[in-house]
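K.L.:
I'd like to ask some things about the structure below.
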Amino acid sequence: MRTLELDPRFTFEAFIVGEGNRLACAAARRVAESPGSTYNPLFIYSASGLGKTHLVTAIGQYARRVLPELRIVYDTLEHFMEAVMAAIEEGERESFREQLGEIGLLLLDDVQFLAGRHRTQEELLRAWDTITSRGGQVVLTSDRPPHEIDGLDERLLSRFAGGLIVDVGPPDYETRVAIVRRKAEERGQTLADGVAEALARFAFANVRELQGALNRILAVQELEGREIGAEEAERILRSPVRATGGEFHDFVAEISETVGEMLAHDTAERQLADAILRWEGEGYRTRRLEAALAEPGSDEAIEQLVRGFEADVARLREIVSEIAALDPGAPELDRLELLRDPDRVEEAEVLLEGVRDRMRPLPAPPGTFTFASLPLEPDLFAVRVAAAAAEEPGSRYNPIYIHGPENSGKSALLAALGRALMDADPERSVGYLDGATFARELIQAIEKNRVDGWRIRFRRTDALLIDDVDVLADTERAQAELFHLFDDLIRAGAQLAFTASCPPQELTGLEDRLRTRLGSGVVVELEGPVRTETPARDAEEPPLQMEGPDLPAEEPALAAEESALPTEEPAWHDGAAAFDPEAGAGTEAATGARGGTVDAVGVAAEGGERDGSVRGPDRWFEDREKLPIRWPYPVDRLSEELE
Amino acid sequence: MSLVNYSSREITCKIVYYGPGRSGKTTNLQHVHASLPDGRKSQMVSLATETDRTLFFDFLPLDLGTISGFRTRLQLYTVPGQVYYNATRKLVLRGADGIVFVADSQREQLEENIESLRNLQENLLEHGFDIREIPLILQYNKQDLPGVLSPEVLEEVLNFRGVPSFPATAVTGVGVFDTLRRISELVLRNLSDRFRRTGELAAGPTSSPQ
């Protein structure tokens, strides 16, 4: 599809804004900044030579700069419609329609030629609908307002009226002076004092005539190589071809001064009116200002009112930005009736608070523990399960349920899992909290009527690790919420892990539907208490002992599945008790030695380490030759997978 | 009825051309209409009888474009001059911001001029306006015709209030814009004074011309 070149000289920066074109320029800028979202269509009309084409070109230039991907078509109505008609005649309506649909910004000049051309109007309507239905922006220029275009189809009229119709008025005196100076500057010429003013005093019908007059002055300067003074400039202009706009223009020029004087007195009201116009144009409710306009107070009161209003608008904008930054797809951003109403800032604040609350990241796991620094043996079955889950979160072992008595290191292991998940992917959101906090925050959310936000906050996490989940026993709503959350997160592929003091099947006060879910992945046990630190430990790491059935079988703590194992395989379990040759060796208390932020850690461990009591097999049992056929339970197979 | 609508940034003023039948009120408007550049030519609504005398009224909306950021419009009306159309005259007069009294300078029309001026005063009073408070201009039309009364004589007879006056030959356009310019200025200044005095501001939509 053909498009005219956008004249690079015609930019917003080069457009001199005066009272007569301020509105048109502001609207054009707005459209250029966000095509398709504000004034669609933008209909700019004016007598010729007042800057329509400049504005429409500036829109194109600006949009091209900020939205390089946007498909921009700039053409005259005449040519554009020729292309439409040609496509129809060649039977390519559909492919042409496709092309139309790709247009993000259509700039059409001279639409007054629609007058009386019904077929063209009909096709323009179709083209229009194709473009705008896909979010495209349409900008039109004409030398007259839509209702003065003869025989314009009502549907087109109503479409025009649905956007913004704005005229470009003739420039006032000051603007004319500014235009003359700018144009001379662009030509690299200087004007003597008073020349620009002398030019501006003439009642030219439009800017083009004004520029023509300037060209005459500049031509004389260039040809004669001297500077023209103000008086001479006037003489030149009055002589043979002084351009005037006739009686009417003279009349308008004089009336303009009167109107200017008249309005100069109403500064406070003007401020109010300007504010209304501006903020209405930006889509804000201006009720407060309109009420003041109906009953204006003192200048100070009006000024204060406008300032207050603008401060509220500024706050609303901040709120919108913050919501968008927190959650670009937040449904709250659609609450325009609220976010565009400065009288409802307080409600908007509540809205923002809700989003903040919802988007607040869940507490991260404490940085105290990593798998390397755990007060647990790395070979422990539970540790290896957690480490494997950290490598393939959400898919391999999910959920992980770690149980053990106080001091067994389960919280530390949970924290290390969380840390590993975060280290593997800093973008990953990992929530780590205890069951009591979970319940407490739910109650707070209920109190503030923000349960939806509370849920969203949890649902968008990539991993949820809940310490001491058993404290949810006997709660109602917290269990129900955790139940739903559990399913949602599992479906979403998030990694879940829980700790508790006992295996799932022994949990009391928990609904079956939740209890069975908690145990539906991998259940591991830590016997505890955690080992104390011995400085020489690492250096003296001895090989694993394989004590088999003779190991101190204090209480071979069984995980859920394990407890259900057939009794004919006792040897396997009995032999699982001790991995650590140092058992019984460490005796020193190590309170706080490992950070102490987790309950089971940093407490003096008496009687040495016993942390490897999980039923994971020792290496003796990991002989593949022996074991495969004897692994009827998933947890048993882990020993191979973890190898 | 004049309006400075700050919300929509519009100024609208209503100017009524008053005077006896056949004094040239419509001719004034026609000249203004003919002088409009193409881009601004709005439709002049003229409801005339077969003999071309104004039956109801002429209405010429005059869009002056955007002045100081305000869309400025003048609405020019004429009244039917014939005595028996007084009800229409009253209707048209309602909400007028300024009045151009177009007098017929022909000697034999002097009585009609006086009668029409009196009628204007009465009708304004009925609307609650004192003729001394509303911007008013006299135009002594048809000065090109032979044997007409001079502006000085007419001034003596008709302009006992000392309002601005202009000699004119509307049919050739002489004095038409001088008159319009002056009445527009008076109306706008009056509007401005009124606002300053009373803080009156119209925030609602532009009223319909009638």
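Where a number appears in this text, it was derived from the coordinates with a stated rule and is not lab data. These numbers come from a predicted model, not from an experiment. Note that each Cβ is placed from the backbone with ideal geometry, even for glycine, and that neighbours are counted across all protein chains shown.
K.L.:
Sorting check: for A:133-146, A:501-514, A:167-180, A:281-294, which peptide has the highest mean count of neighbouring beta carbons within 10 Å, and how do the rest follow? Write out the running numbers ahead of the final one.
P.N.:
Details: A:133-146: 20.8, A:501-514: 15.9, A:167-180: 22.4, A:281-294: 17.7.
So the peptides A:133-146, A:501-514, A:167-180, A:281-294, ranked by packing, come out A:167-180, A:133-146, A:281-294, A:501-514.
K.L.:
Now for a separate question. Determine the alpha carbon to alpha carbon distance for each of A:Lys52/B:Lys25; A:Lys52/B:Lys14; B:Lys14/B:Lys90 and list only those over 25 Å. Can you show the working numbers first?
P.N.:
Numbers: A:Lys52/B:Lys25 37 Å; A:Lys52/B:Lys14 30 Å; B:Lys14/B:Lys90 14 Å.
Beyond 25 Å: A:Lys52/B:Lys25; A:Lys52/B:Lys14.
K.L.:
What spacing in nm lies between the two simple spin-label points modelled at A:Ala364 and A:Glu154, each 7 Å away from Cα in the Cβ direction?
P.N.:
Result: 6.5 nm between the two label points.
K.L.:
Output the peptides B:70-76, A:390-396 sorted from most to least packed, where packing is the average of other Cβ atoms within 10 Å over each peptide's residues. It would help to have the intermediate numbers written out before the result.
P.N.:
Working: B:70-76: 22.9, A:390-396: 16.6.
Per-residue Cβ counts within 10 Å, averaged per peptide and sorted highest first, yield B:70-76, A:390-396.
K.L.:
Over the whole of A:59-70, what's the average partner chain Cβ count within 10 Å per residue? Rounded to a whole number, please. Show your work: numbers first, answer last.
P.N.:
Details: counts 0, 0, 0, 0, 0, 0, 0, 0, 0, 0, 0, 0.
So the per-residue partner count for this stretch is 0.
K.L.:
Find how many whole Å separate the alpha carbon centroid of the range A:478-533 from the alpha carbon centroid of the range A:6-53.
P.N.:
Each part reduced to its Cα centre gives a spacing of 63 Å.
K.L.:
For a quick check: with amide H placed at 1.01 Å from N, whose amide H comes under 5 Å from B:Leu62's, ignoring anything fewer than 5 positions away on the same chain?
P.N.:
Amide H to amide H, under 5 Å and 5 or more residues apart or across chains, B:Leu62 pairs with B:Leu74, B:Gln75, B:Leu76.
K.L.:
In nanometres, what is the gap between the two model label sites at B:Glu152 and A:Ala473, each 7 Å from Cα along Cα-to-Cβ?
P.N.:
With each label placed 7 Å out from Cα toward Cβ, I get 12.1 nm.
K.L.:
If you count, for every residue in A:478-486, the Cβ atoms of partner chains within 10 Å of its Cβ, what is the mean? Spell out each step's value before the answer.
P.N.:
Values: counts 0, 0, 0, 0, 0, 0, 0, 0, 0.
Averaged over the peptide's residues, the number is 0.
K.L.:
Turning to a different aspect of this structure: Quick check: the distance between the Cα centres of the range A:353-378 and the range A:95-155, to the nearest angstrom?
P.N.:
58 Å
K.L.:
Quick one: which residues, 5+ away or cross-chain, put their amide H under 5 Å from the amide H of A:Leu152? H built at 1.01 Å from N.
P.N.:
A:Gly116
K.L.:
Right, another one. Can you work out the Karplus-derived ³J(HN,Hα) for every residue in the range A:124-132? Use 6.51 cos²θ - 1.76 cosθ + 1.60 with θ = phi - 60°, whole Hz, and x for glycine or proline.
P.N.:
With coefficients 6.51, -1.76 and 1.60, one gets 5, 4, 5, 4, 4, 4, 4, 5, 6 Hz.
K.L.:
Per residue of A:286-294, count partner chain C-beta atoms within 10 Å of its C-beta, then hand back the mean as an integer. Please list the in-between numbers first.
P.N.:
On the way: counts 1, 0, 0, 3, 4, 1, 1, 7, 4.
The shielding value for this peptide is 2.
K.L.:
A further question follows. Using alpha-carbon pairs under 8 Å, 6+ residues apart, how would you state the relative contact order of the range A:318-380 in percent?
P.N.:
Numbers: 31 pairs, mean separation 18.5, N = 63.
It comes to 29 percent, rounded to a whole number.
K.L.:
Compute the FRET efficiency between A:Met85 and A:His147 as 1/(1 + (r/R0)^6), taking r as their Cβ-Cβ distance and R0 = 30 Å, and round to the nearest 0.05. Kindly include the intermediate steps, with their values, before the conclusion.
P.N.:
Details: r = 26 Å, r/R0 = 0.86.
Given R0 = 30 Å and the Cβ-Cβ separation, E is 0.70.
K.L.:
At 7 Å along Cα-to-Cβ for each site, give me the label-to-label distance between A:Arg65 and A:Glu427 in nm.
P.N.:
Modelled inter-label distance: 3.2 nm.
K.L.:
Also, quick follow-up: Using only alpha carbon positions, build the gyration tensor of the range A:22-167, then give the equivalent ellipsoid semi-axes as the square roots of 5 times its eigenvalues, largest first, whole angstrom.
P.N.:
22, 19, 13
K.L.:
Enumerate the calculated ³J(HN,Hα) couplings along the range A:399-410 in order (Karplus 6.51 cos²θ - 1.76 cosθ + 1.60, θ = phi - 60°), each rounded to whole Hz, writing x wherever the residue is Gly or Pro.
P.N.:
Result, rounded to whole Hz: x, 9, 10, 10, 10, x, x, 4, 6, 7, x, 5.
K.L.:
Return a whole-number percent for the relative contact order of the range A:22-167, with Cα pairs under 8 Å and 6 or more residues apart as the contact set. Show your work: numbers first, answer last.
P.N.:
Values: 235 pairs, mean separation 54.4, N = 146.
Dividing the mean separation by the residue count of the range A:22-167 yields 37 percent.
K.L.:
Could I ask something else about it? Between the range A:314-337 and the range B:161-181, what is the separation of their alpha carbon centroids in Å?
P.N.:
61 Å
K.L.:
Under 5 Å between amide H atoms, partner at least 5 residues away or on a different chain: which partners does A:Ala494 have, H built in plane at 1.01 Å?
P.N.:
Amide H neighbours of A:Ala494, under 5 Å, 5+ apart: none.
K.L.:
For a quick protection proxy, order the peptides A:55-64, A:473-482, A:87-96, A:444-453 by their average other-Cβ count within 10 Å, most packed first. Write out the running numbers ahead of the final one.
P.N.:
Values: A:55-64: 23.7, A:473-482: 16.8, A:87-96: 12.8, A:444-453: 14.4.
Top to bottom by mean Cβ count within 10 Å: A:55-64, A:473-482, A:444-453, A:87-96.
K.L.:
For the range A:422-437, in order, what is each residue's ³J(HN,Hα) by Karplus, 6.51 cos²θ - 1.76 cosθ + 1.60 with θ = phi - 60°, in whole Hz (x at glycine and Pro)?
P.N.:
In residue order, the calculated couplings are 5, 5, 5, 8, x, 7, 6, 9, 10, x, 10, 8, 9, x, 5, 5 Hz.
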